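A short write-up of the structure that comes next.
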Amino acid sequence: MASASVARGENILYGIWRGIYDSVRGFLLIFTLDDKASEVAHPVKHSEQAKHHSRHRPAKRTQEKEPSLRQRLLECCALNGGVLLLSLLLFEYAVLPALRLGVRLAFGAGALSSDRWSVWMILNLILTYTFSALWVLPIFGISKIINCIWFQDIADTAYRSSQGRASSQLSVSILVADTLFSIFAQALFLIQGMLASLVLPIYGLGDAVCLLHMCLLYALYSFEYKWFNMGWELHKRLAFIETEWPYFLGFGLPLALLTQIFPSYIMNGCLFSLVFPVFILSGNEAEPVVGLCATRLQLFTPVIMVSNALFRRTVSVPASGSRPGERRPVR
């Protein structure tokens, strides 16, 4: 009995380690996927030119103008890291400290008191709210929209380079209904994890359960593009994560820890958008280790029950046999 428990524990630890290893492989895949995409596309392009050389010449010019995977990744880095995150870091750790020093030199140490109406407190509030209203919030909102498009482009390009053409074909009604259902379920899952960190009385247990929720949610984000292209429905994806939870716990752990670095939600959101494309690549190339734990971790089950109950009263949800819609991470 003891040896069986030890073996189960070793399997769980191995699954977590493999998930971590597969998740960080995306940083190496950046340098190889574009070459693989060229190798896959070359024979197809050659055969098409042999059959319809003149008719496909305009399509060739259009294809050459499409951004490569590395180019799209660099654009994500420039937008999320170079424009937004860098500006936040400069404002927080360069501009404000320099102004604080200037206030101290001009008005003395008393102007830096923690009193609500001190010179520094008033100036700090004015500058922070002005910077947030005129720069951070507009750019952050625009970047989220652009990121959704770029994340999908990266995922589709990576999938074509390794798997070929996607197998899912959806009507607009099924796409919209299933997308709304999935976003709502993911939001409830996030709330469930936050409530667990507040309700559980044992010190540290609530934070651990919340971290577990975030790891599984980020793993779902990373694999969802691939599973959608494979034609997997939402309930199948969630059941797979619940059954093989050691692997997906490890896969989502690096991203969950990275997005806890800064005290600001906006900064963590920028960091998420900066590194998430790498985890899309990792999820596209990874082969999850299965059968490591016989206990299914049914964390998504309450969320799906609540989502089903609410959506039956509002919109029509696709039948269980239908295939899901396109996914977008919720952050």
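A simple spin-label model places pseudo-atoms 7 Å from Cα toward Cβ; at A109 and C148 they are separated by 5.2 nm. Approximating the spin labels as points 7 Å out from Cα along Cα→Cβ, the A133-to-R296 distance works out to 5.2 nm. In a fully extended conformation the segment linking I266 and F27 would gain 83.7 nm over its present Cα-Cα distance, using 0.36 nm per residue. Residues D156, D22, D207, arranged from fewest to most other Cβ atoms within 10 angstrom of their Cβ, appear as D207, D156, D22. Using r as the Cβ-Cβ distance of M305 and F91, and R0 as 30 Å, what FRET efficiency do you calculate, to the nearest 0.05? That pair, M305 with F91, gives E of 0.10. Computed from label points 7 Å out along Cα-Cβ, the spacing between L200 and Q163 is 3.2 nm.
Extension gain for K236-S5 works out to 80.3 nm (0.36 nm per residue, less the C-alpha to C-alpha distance).
Taking other Cβ atoms within 10 Å as a rough exposure proxy, F27, F272, F251 sort from fewest to most as F27, F272, F251.
Read the figures in this text as sums done on the coordinates, not as results from a lab. The model shown is predicted, which means the values in this text are computed figures rather than measured ones. Here Cβ is always computed from backbone atoms with ideal geometry, including for glycine, and neighbour counts include all displayed protein chains.
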